[in-house]
Amino acid sequence: MSDELYDPGLQPERTELAWRRTGLSIAVGSVVAMRLLPAALGSGWWILPGIVGVIFSAVLWGWSRRRYERVSFATVTARDHTIVPDGALLLTLAVFVGLVGALSILVLVALPLT
């Protein structure tokens, strides 16, 4: 029986899987936006928010993977439990979601209802 109370590699893995699901959700929403926005708003330029969302989801996926590798190495291999990831990934996601919300409100207010 092990002296450790938990497997230190499982928590970073669960966190990385959660970030993957978040990135996948953003990608799916962005692809749907690329399909629906140009038809609903009447201009091909409305595909751009979807493209930005897909690019952001790819960046989020890669960033979360690097974070997982760094934390996993620190906790499992190096046995250094003092390394804690910063909140930059969460802040970036919050800013992105805030910008998407602001764009949505701007579109609802600025465009006339038909």
Next on the checklist: Explain nothing, just the number: dipole magnitude of the chain about its Cα centre with +1 on each Lys and Arg Cβ and -1 on each Asp and Glu Cβ, in debye rounded to the nearest 20.
Outcome noted: 440
Checklist entry - Where Rh denotes the Kirkwood radius from the mean inverse Cα pair distance, what is Rg over Rh for the chain? => result 1.17
Item to check | Farthest positive-ward along the chain dipole, Cα basis, beta-carbon charges - from SER64, THR75, PRO38 | outcome: PRO38
Item to check | Computed [θ] at 222 nm, helices only, for the chain once each DSSP H run of length n ≥ 4 contributes -39500 (n - 2.57) | outcome: -25000 deg cm²/dmol
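The numbers here are math on the coordinates, done by the rules we state, and not lab data. Quick caveat: nothing in here was measured; it's all calculated off a predicted structure. With ideal geometry, Cβ positions are generated from the backbone for all residues, glycine too; neighbour counts draw on all protein chains shown.
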